[in-house]
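Single-structure report; data block below.
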């Protein structure tokens, strides 16, 4: 059993021919012809987004904000961190501040990049930046989401109390869960959040 950080390297799946089947402003879908090291051949679906993406963790002292979003693809409301696609040539930090402002009305007073994740390593060839945004909820304005986006106001949770929400199945978004894992690791490295930082009037 391998228990260390060094991983055995499996053989790659090789792309023999790129086959585009669909494209729009958001990206392109491919059904590539591929082969394995053992000589097996077949097809692999691959979605290639037009730009990288960002996930933003709004933080105010020991609190983090999650946003109820209606997601058409799953037909239900999902509790998520704000997220979206970068504009062409836009750095992660600028995209995070913009998406946060548009979706929640919150303004980032400071941003810290935690790392990058992939939304679905089996199908999507994207890179998504994960950032923490320090915010002041008292300074929030009305958000300006896209016309076909459906959001409710952000809900604030003590980060050290999110375990019950997760255990109860309250968060299903894979990007949000991955971002939470990075944030949890960063908090562990930096030490516990100081609950004395909590601002009055934030529920």
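Quick notes
- On inspection, residue 77 qualifies as part of a strand (DSSP E or B) and under 25 Å from residue 162 (Cβ atoms).
- The residues on offer are 44, 9, and the sole one that is surrounded by 14 or more Cβ atoms within 10 Å (Cβ to Cβ), within 30 Å of residue 180 (Cβ to Cβ) and not assigned by TED's automatic domain parsing to the domain that holds residue 149 is 44.
- Extreme residue, modelled with the highest pLDDT, among residues of segment 169-193 that are closer than 16 Å to residue 156 by Cβ and assigned to a loop (DSSP other than H, G, I, E, B): 171
- Residue count, segment 80-92 (criterion: free of Cβ contacts under 8 Å to residues at least 60 places away in the same chain and either in the same structural domain as residue 25 (by TED's automatic domain parsing) or farther than 12 Å from residue 130 by Cβ (or both)): 8
- Each residue in segment 104-142 was checked for being in contact with a strand residue (DSSP E or B) (Cβ under 7 Å, 6 or more places away or on another chain), closer than 16 Å to residue 84 by Cβ and assigned to a loop (DSSP other than H, G, I, E, B), and 5 pass.
- Filter result for the condition that a residue is under 25 Å from the mean Cα position of the chain (by Cα) and part of a strand (DSSP E or B), over 54, 34: 54
The values are calculated or read from the model by the stated rules, or taken from the named source; none is laboratory data. Predicted model, so just to flag it, every value in this text is computed and none were measured. Neighbour counts run over all protein chains shown; Cβ positions are idealised from the backbone, glycine included.
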